[in-house]
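Colleague: My questions all concern the structure below.
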Amino acid sequence: MFERVREDIQIIRERDPACHSTLEVLLAYPGFHAVQFWRLSHWCWIQGWYTFARWVSHVARFLTGIEIHPGAKIGRRVFIDHGMGTVIGETAEVGDDCTIYQGVTLGGTSLGRGEKRHPTLEPGVIVGAGAKVLGGWTVGRNARIGSNAVCLKPIAANATIVGVPGHVAGEKKAAKQADHEHFSAYGVVEGAEDPVTRAFNQVRNELDVQRDTINRLEREIAKLKGLDEADAPAIEDPAERSFLDSAL
């Protein structure tokens, strides 16, 4: 028991540069407190004291802003950073060395009793602020889920997930290997490329090419008509450009 508490303190000091001392962790880290409350409520849960276990988790939520169902399974060295609004459901499993930020939901999409309704996070997963991981499936080892992503299907090991719905961000192989070997705050992986952004860029480039081609043809037509090229109509749509830029 005390060994696990010591590990919890150590991992917070390693991963949070704002932490200055062990005493600060003991007094001012709601994620640390929530995990210790969960240990008590989970012990009560496996004894069959279901109502009392839920009451303990309810008190923990009131004090920390973090809701962990007593039936959930939490591994060692799990760090819930900030944590306000984080919800971990009954059949969720959080592996060793995972990091979860504020506003995260590990939620269920099924109403069946006794079913695996909530996700399983394998060791080393990072879930960024506001992300929603919904369903009884698995997030692979060392995966990174970016802030505010919504994940509705299994995630492979070492993947970086972004967007709504969540999709795999492109990463160069060497960068991916290097980034997933160390801790990435909020699941942000340097050099990751959103495929949706890439698709928008391709559309924008194609529109630019089409616009240039049409404008050139209009100038050629004007010359054939004996008109000044400056009098040829030209396509210019800044509103479209503004829309695409804002979408990116």
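Colleague: If each residue of separation counts as 0.36 nm, what is the full-extension length gain between Asn215 and Ala156 once their alpha-carbon separation is subtracted?
Modeller: 16.6 nm
Colleague: Which net charge results when you count Lys and Arg as +1 and Asp and Glu as -1 among the other residues whose beta-carbon is under 13 Å from that of Arg6? Could you put the intermediate results ahead of the total?
Modeller: Numbers: positive: Arg4, Arg13, Arg76, Arg77; negative: Glu3, Glu7, Asp8, Glu14.
Around Arg6, the surrounding residues sum to 0.
Colleague: Now for a different question. With no solvent and one point on each alpha carbon, what is the Debye value of log10 I(q)/I(0) for segment 77-177 at q = 0.09, 0.14 Å⁻¹?
Modeller: -0.19, -0.46
Colleague: Binning at 10 angstrom from zero up to the longest distance, how are the C-alpha pair distances of segment 1-132 distributed in percent?
Modeller: 13, 46, 34, 6, 0
Colleague: Using every pair of alpha-carbon atoms in segment 1-70, split the distances into 10 Å bins beginning at 0 and state the percent of pairs per bin, rounded to integers.
Modeller: Going from the shortest bin to the longest, the percentages are 21, 45, 28, 6.
Colleague: Quick one: which residues, 5 or more positions from Thr160 or on another chain, have an amide H under 5 Å from its amide H? H modelled 1.01 Å from N in the peptide plane, none for Pro or chain starts.
Modeller: So Thr160 has HN proximity to Arg144, Ala169.
Colleague: By how many nm would the segment from Leu224 to Ser21 lengthen if fully extended, with 0.36 nm per residue of separation less the alpha-carbon distance? Could the numbers behind the result be given before it?
Modeller: Details: separation 203, 0.36 × 203 = 73.08 nm, distance 7.97 nm.
The Leu224-Ser21 span can extend by a further 65.1 nm.
Colleague: Moving on to the next point. Can you give the net charge of the other residues whose Cβ lies under 14 Å from the Cβ of Tyr101, counting K and R as +1 and D and E as -1?
Modeller: +1
Colleague: Ignoring ligands, DNA and RNA, please state the percent of accessible area on segment 1-149 from carbon and sulfur, probe 1.4 Å.
Modeller: Accessible surface attributable to carbon and sulfur in segment 1-149 totals 57 percent.
Colleague: Amide H of Ile235 versus every other amide H placed in the peptide plane: which residues, excluding those fewer than 5 positions away on the same chain, fall under 5 Å?
Modeller: The list, which skips near neighbours in sequence, is Asn215.
Colleague: When ligands, DNA and RNA are left out and all protein chains stay put, how many square angstrom of accessible area per residue does segment 32-143 have with a 1.4 Å probe?
Modeller: 42
Colleague: Kindly report, to the nearest 10 Å², the accessible surface of Arg216 as traced by a 1.4 Å probe over protein heavy atoms only.
Modeller: Roughly 120 Å² of Arg216 is accessible to a 1.4 Å probe.
The values are calculated or read from the model by the stated rules, or taken from the named source; none is laboratory data. Predicted, not measured: the structure shown is a model, and the values here were computed from it. Virtual Cβ from ideal backbone geometry, glycine too; neighbours counted across all protein chains shown. When the accessible area is computed, the model is the full protein with side chains, heavy atoms only, and any ligands, DNA or RNA have been set aside. Shrake-Rupley method; radii C 1.70, N 1.55, O 1.52, S 1.80 Å.
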